[in-house]
Each structure stands twice: as C-alpha cells, then as structure tokens.
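Taking it in order: structure first as structure tokens, then the write-up.
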Amino acid sequence: VIVQLASFAGIEAHCSGKLSVWNNCIVKVPLCTDLFFSQQHCNCAVFELHGHNFSALPTTMKTDMWAMKKMIINHGPLQGLPENIDSMYTYMSHLDLKHNGITTIPSHIGGLRQLNKLILSNNVLTSLPGRIWRSPSLFWLELDNNEIVELSGEISNAGTLFNLMVSNNSIAELPDEI
C-alpha cells in the first residue's frame, strides 16, 4: 500500500494508493489540476482541513475530487454544502464538518449512499432534512451543540442508525418513533 501526503497552503490531504479501494487516488492536494496533473489524475480519498477561512467549498473540491471517501473540514466559517453533494461525492463514507457556521444541510445529503458517519457538531443547525433519515448506510450521526429544536418523526426510517448524539440542543422531547 502506497500512502502519500502533500501539503499546500495549510491544506493537508492524505490518500492511500490502494487502487481498488480508493479509485485511483493519485494526487493529494486541491488545485492539483493546476499544479501537477490532468484532471483525470486528480483524486483525493481523504481530505483534512483544520482551521480554515472557507465559507463554501472551493471550486476545485467540487469539480476535481470526485473519488472522495472521507472529508474533514472543521474550525472555520463554512456555512453549508452544495445542494448536489450526492452526485459530487458518490463514494463519500465519512463527513466531519464540526465547529463551522453551517446553518442548513442540503436534502441531497441523504443521497450519499455510502455515507456511514456524519459529524455536524458545534454548528448553528436548527433542523435537518427529512431525507437524512433515509440514508441507507448512515450508522453514526453527531449533532451535539447546535440549535436544533426538534427531530422529525421520519427518524423511524433510520434503519441503520446506531449512534445518535444530540446533546446541548433545544430539543424539548424526542419523537415517539425513537
């Protein structure tokens, strides 16, 4: 297994070279089409960014990093995700966006068929899209320290959900469906 690490302007991206698992992940930095290779070689399996100034995902992350499996972007002013996230990152299994300024989550996040771990703690969420409860692989959901006032009764559709963390929100009561 080949593991590569590259750093660009405080952004670190880690990637395993196991071709069958990581879909030919070769380059590990955003903007790689501009810096190193053609777009066909611009994949990143794991992207980590701690302490940033992005209010939205950079364009290159939305167009060039289609093989993303794990994305960690925390401690910054990120306000949300693209509505079509399910078509952008079809291989996404782990999404960690804690400690940002996220106010809403797009409904299409429920279309990430391989997503099993979603961490949205310490944001400013007030609600969740109902489709999130129908995510076919989601088993871990962290929503601590937000401003959520209620959980939808659609939570009964969360057949694979094993761990739900909702402490320090404004939830008065849990739905009967739990």
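The values are calculated or read from the model by the stated rules, or taken from the named source; none is laboratory data. These figures come from a predicted structure and were not determined experimentally. Positions of Cβ are backbone-derived with ideal geometry, glycine not excepted, and every protein chain shown enters the neighbour counts. Protein only, heavy atoms only, side chains kept; ligands, DNA and RNA dropped before computing areas. Shrake-Rupley method; radii C 1.70, N 1.55, O 1.52, S 1.80 Å.
Structure data summary
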| quantity | calculated |
| --- | --- |
| Residues (out of contact with any helix residue (DSSP H, G or I) (no Cβ under 8 Å at 6 or more places or on another chain), open to solvent by 10 Å² or more (accessible area, probe 1.4 Å) and over 21 Å from W140 (Cα atoms)) located in region 72-100 | G76, P77, Q79 |
| Positions within region 59-96 being of a type in the set (A, V, I, L, M), closer than 19 Å to S135 by Cβ and touching a strand residue (DSSP E or B) at 6+ places or on another chain (Cβ under 6 Å), in sequence order | M71, I72, L95 |
| Condition broken by L125, with the remaining ones in (1) touching a Gly at 6+ places or on another chain (Cβ under 6 Å); (2) without any contact (Cβ under 8 Å) to a residue 24 or more places away in the chain; (3) not basic (K, R) satisfied | (1) |
| Qualifying residue in region 64-71 (condition: more than 27 Å from I148 (Cα to Cα), modelled with pLDDT under 70 and surrounded by fewer than 18 Cβ atoms within 10 Å (Cβ to Cβ)) | no |
| Some residue of region 102-122 being in a loop (DSSP other than H, G, I, E, B), in contact with a Gly (Cβ under 7 Å, 6 or more places away or on another chain), open to solvent by 60 Å² or more (accessible area, probe 1.4 Å) and over 18 Å from P175 (Cα atoms) | yes |
| Residue ID - nearest to T59 (Cα to Cα), chosen from residues in region 74-101 that are polar (S, T, N, Q) and in a loop (DSSP other than H, G, I, E, B) | N84 |
| Single unsatisfied condition, N169 versus (1) surrounded by 12 or more Cβ atoms within 10 Å (Cβ to Cβ); (2) under 24 Å from K70 (Cα atoms) | (2) |
| Selection count where residues are under 13 Å from W133 (Cβ atoms) and not in a loop (DSSP other than H, G, I, E, B), scope region 143-166 | 6 |
